[in-house]
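Below is one structure, written out as C-alpha cells; comments come after it.
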Amino acid sequence: MSKKPTAQPALHKVIMVGSGGVGKSALTLQFMYDEFVEDYEPTKADSYRKKILLDGEDVQIDILDTAGQEDYAAIRDNYFRSGEGFLCIFSITEDESFQATQEFREQILRVKNDENIPFLLVGNKSDLEDRRKVSFQEASDRAKQWGVPYVETSAKTREHVDKVFYDLMREIRARKMEENKTNNGRGKDKSKKKKLKGTLSNNWSFMMNFGILCDFFDNVRHTKGTSEKTKLTKTFISALRDQQQDLFPVLRLIIPKLDRDRPSYRIKESKISKLLIKMLGLPHGNDQNVLLKAITGTSSGVDFGDVVYSVLKKYVINKDAGLTIQNINTYLDQIAHRKTDNGLDDLVLNIFRKLSPRNIKWLIQIILKDLKLGISDNHVLNCYHDDGADFYATNSNLKRMCEVLRNPQVKMHELEINIFEPFRPMLSKRCDASNFKKCFPDSKFIVENKFDGERFQLHMEDGKFKYFSRNGFDFTDSYGATFDEGIFTPLLKNVFDSATKRVILDGEMMLWNKKTKCFGSKGMKLDVKKLGEGKYQPCFCVFDVLLHNERVLTNHPLQKRLQVLKNVIKNPVAGTIVVSAYTESQSRQDIVDALNSSIDKNEEGIVVKDPKSVYKCSDRNSGWFKVKMEYFDDVVHDLDVIMMGGCYGANNKINSFFVGVSSGRDTYFSLGKIHSGLNDEQLDMLNDKLKTHGIDFKQFSSKSMNFGKDTPDLDGIDKNHKRQRQVSVHAQVSKSANNQRRQTCR
C-alpha cells in the first residue's frame, strides 16, 4: 500500500528568462548553492528545487533556468506556460541583451495572456560598473512603463541575489492568496464558470502545438550522451508539468511503444512509402527507389523517418497547419480503431498535408512506435517521476502511471499489483558453467520444468476474467471474459476453490494436442494466443499466485505462495489448467540430475527458484534461474551442418530449420530440427536464404533430400531444380548423462 502523502509546503514556480550569457545560470547557482560559477556551457534548460523560509513560512521554490540561445526559442512557449513568476535578466554591459527583454516580455504576455503576471526586470553584472552600457535610469524607465520592479544584481558578489528571488516569491504568494479569496467569494454561477476555465487551463497539454513536441524530439536526438538527453527530457517534462494536469496525451507520443490504451496502427514502412509516393506523385526513379529501398533497410539500422524526410523536403513546402497534441491523438485514434482499411489512404494523407516535412517525419516515427531518440523508455518514465519505471513494471499501464504519480513529490514506497491491470512478470537469470556454483550453494531450492510456451497472467474476480501476455497485451477477447465465451475460459468451470473470489495467477500458456495428449512448442506454426477450433487448445501451466482474495502476495516468500496456490486450484484439468509440478533440491548435484532428466525427456530445461524469494516485477536478479544444457560449453559440441529446409511459424516467418549432412554426391540426410539459439539477425539471414533458394516441399520433392517422418514447408533445393543450395549452419549437439542427443543452434 502506498503511504498517504503528507501536506507539502507551498510551491512557487519561477522562470529565468533572458539572452544567452547574461548570467541567468550564475544567479540561479548563487542562490541555490552560494557559489559563483564563471565558466559553464550554454544552458538548454535546467530545473532546480529548494526549500526555504519565506517570512516565517516553509515554502519550496522551483526554478527553471531556460535557454537564451535562439536555437531553443521554439520551446520557450512550453516552459513559460508552467511559470507563476518571471525574472527577466539582462546584462548592464550589453545593450543588445537589454533590448531583447522587450521580446521576452511580449512572448510571456502572449503565452500567459495576463499583464499582471508576477515579473521582475533584473540588470545583472552590477560589479562591472566601468563597462556599463545600460544606465540605471533607462532600465528603471522601462520597468516603470511595464509596471514592474527593477533590481540590479551581481552574481559574482551576491548583491541583491536573494532579494530578487524572495521579492518575486512574495508577489506569487500574494497573487495566489488574492485568487483564492476571489474564488471563495464568488456566487455559484461564477464559481462554475471559473471551474470550467480552470479545467481547460489544466489540460493545456491537449492544446500544445505538435511542432513544439517535434522541436523537443530534435533537441534530444541531437544531444550527445544519455545523461544529457535525460537531463533535457526531465526539464521538458518539468516545464509541462502541473500537479493538476494530465500529461498522458504528451507522454503517449514520446514513448508510444508503452501506450496500451491505443491498439496497433497496423501500418508498416511499406504502406507508408506507398502513401508518400502517391501523395507526391513520384514517378519511377531515384526518389521512389529511395523510399522503397528504405523498407528493406529498416532492420539494418536505417532510420526510416530520416529517409522519408530527405525525400519530402524536396517536394513539400507545406507550412505547418498548427495541429495540436489533441489533433494528433484524435487522428491516431481514428487510424488505430478503424474497422477496415477503406479510407485509410485519405485519412493518413489528410494528416500529412497539414504538417511540415519535419513534423511528418516525427509522426511516422510515432506510428512505427520507434522514435530513435537515443534514450530508453525507462529513462523517460523516470523523468516523469523517480518511481515511473518501477510503477509501470507493475502494471504496464502508462495512463495509470500518469494518474497515480502525477505529484512528483509523492513517493511510492510499496508498489502493488492490481486486479485486471497487467504487470511485467518476474524473470529468470541465465545460469551457465561460469556462475553455476555461485548461483546454487548447497542449500534448498525449488526446481520446475522450463515450459516452451508464452508467459501469461490470468486475472479473475467474481467470475470475470482477463488475460495478459508478458508485454501487457490483452487477449481476453480471444480467451473469454466469462465462463460463457471465448476459447479457454469456459473450460475453467469448477476449477477454482469456491472460497476464491479474486486471484492473479502467473504461468505459461502452452499448446495442448487434444488427440495425442501432449504439449506442443513455440517452434510450431500455431500461435497459442490466436488459436481457433482444431486439434490444439490452450493449456495454462500455473507456477505462481500473486493475489488471492484481498491479499497481495508479492512480498510473501515463494514457498508460502505455492501453499496458497494449492488451495486456489482445487480441480486441475489435464490439458486445460495445471499447477506446475516441482521438486525440492538439497544440493548442486540434485540440480544437475534434474537438468539431465529434463534433457532425457526432450524438455527445454529447468527453472530453479529460491524458496525464500519474493516476487519482484520485471526483475531477473532476485532468486530465479533458468538452466539449459546449451548454456554449458563443456557438454556441447559444435558441428557444421547443411540447412536442408524450414518450417513456417505463426507469423509467416520460418522459425525452425532442418539440418543434415551430405552422403555422397547430391544426397543429403537430415539429422534433426532446430528452433532455438538464433538471434533476430541470424533468423532474418536464414529466412532470406531459404526464401531465395528454397522451394515448396509439397510442390517439388527432391529424391536427393532425405527426411524422416517430419518434413519441411520449404526445402533447400535451388529453385532451378538443378543443384542443392548448401548453406552451412554452425550448430550445437548436447549430450545428456544418458547419451541422448538434442540439437540447438547458436
Fewest-first ranking of 146, 362, using other Cβ atoms within 10 Å as the exposure measure: 146, 362
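For the stretch 429-630, just say rounded, prolate or oblate: build the C-alpha gyration tensor, square-root its eigenvalues into a ≥ b ≥ c, call rounded for a/c under 1.5, and beyond that prolate if a/b exceeds b/c, oblate if not. Walk me through the intermediate numbers first.
On the way: a/c = 2.00, a/b = 1.36, b/c = 1.47.
Here the stretch 429-630 falls in the oblate category.
First select every other residue whose beta carbon is under 14 angstrom from the beta carbon of residue 347; then total the charges, Lys and Arg +1, Asp and Glu -1. Write down the numbers at each step before the final one.
Numbers: positive: 266, 271, 278, 338, 339, 353, 354; negative: 333, 341, 345, 346.
After counting each charged neighbour, the total is +3.
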May I ask you to list the residues of the stretch 8-23 whose amide nitrogen lies under 14 Å from a point 7 Å from Cα along the Cα→beta-carbon direction of residue 127? 23
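List the relative contact order of the stretch 211-367 as a percent without decimals, with contacts defined as Cα pairs under 8 Å and 6+ residues apart. Each step should come with its number before you reach the end.
Numbers: 102 pairs, mean separation 48.7, N = 157.
Computed over the stretch 211-367, the figure is 31 percent.
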Rounded Å value of the spacing that divides the Cα centres of the stretch 245-294 and the stretch 526-602: 41 Å
Between residue 497 and residue 289, what is the FRET efficiency for a Förster distance of 60 Å, r being their Cβ-Cβ separation, to the nearest 0.05? 0.40
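Based on the Cα atoms of the stretch 10-185, what semi-axes does the equivalent ellipsoid have, where each is the square root of 5 times one gyration tensor eigenvalue, given in whole Å with the largest first?
Details: eigenvalues 117, 68, 55 Å².
Computed over the stretch 10-185, the values are 24, 18, 17 Å.
In nm, what is the difference between 0.36 nm times the number of residues separating residue 429 and residue 221 and their Cα-Cα distance?
On the way: separation 208, 0.36 × 208 = 74.88 nm, distance 3.27 nm.
Working it through step by step, the gained length comes to 71.6 nm.
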What order, most packed first, do the peptides 82-95, 271-284 have when packing is the mean number of other Cβ atoms within 10 Å of each residue? 82-95, 271-284
In whole Hz, what ³J(HN,Hα) sequence does the stretch 548-558 give by Karplus (6.51, -1.76, 1.60; θ = phi - 60°), x for Gly and Pro? 9, 6, 9, 9, 7, 9, 4, 8, 8, x, 4
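Return one quarter of the surface area of the convex hull spanned by the alpha-carbon atoms of the stretch 211-367, equal to its mean projected area, in nm².
Working: hull surface 41.6 nm².
About 10.4 nm², averaged over all directions.
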Relative contact order of the stretch 429-630, please, whole-number percent, based on alpha carbon pairs below 8 angstrom and at least 6 residues apart. 28 percent
List the residues whose amide H sits under 5 Å from the amide H of residue 641, counting only those 5 or more places along or on another chain, with H placed 1.01 Å from N in the peptide plane. 729, 731
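Near residue 619, within a Cβ-to-Cβ distance under 11 Å, what is the net charge of the other residues, with Lys and Arg +1 and Asp and Glu -1?
Details: positive: 424, 429, 616, 620; negative: 390.
It works out to a net charge of +3.
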Length added when fully stretched, residue 32-residue 376, from 0.36 nm per residue minus Cα-Cα: 120.8 nm
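For the stretch 556-612, report the translational diffusion coefficient in µm²/s to the nearest whole number, using Stokes-Einstein at 20 °C, 1.002 mPa s, and a Kirkwood Rh over Cα pairs.
Values: Rh = 13.2 Å.
Result for D is 162 µm²/s.
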Quick one: if you stick a label point 7 Å off each Cα along the C-beta vector at residue 464 and residue 107, how many nm between them? 5.0 nm
Can you pull the one-decimal nm distance between simple spin-label points at residue 661 and residue 444, each 7 Å off the Cα toward Cβ? 4.8 nm
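Please arrange 462, 167, 477 by counting, for each residue, the other beta carbons lying within 10 Å of its beta carbon, fewest first. Please report the intermediate quantities before stating the final value.
Working: 462 6, 167 17, 477 10.
So the ranking, lowest neighbour count to highest, is 462, 477, 167.
Read the figures in this text as sums done on the coordinates, not as results from a lab. Fair warning: this is a prediction, and the values are worked out from it, not measured in the lab. When we count neighbours, we look across all protein chains shown, and the Cβ atoms used for this are built from the backbone with ideal geometry, even at glycine.
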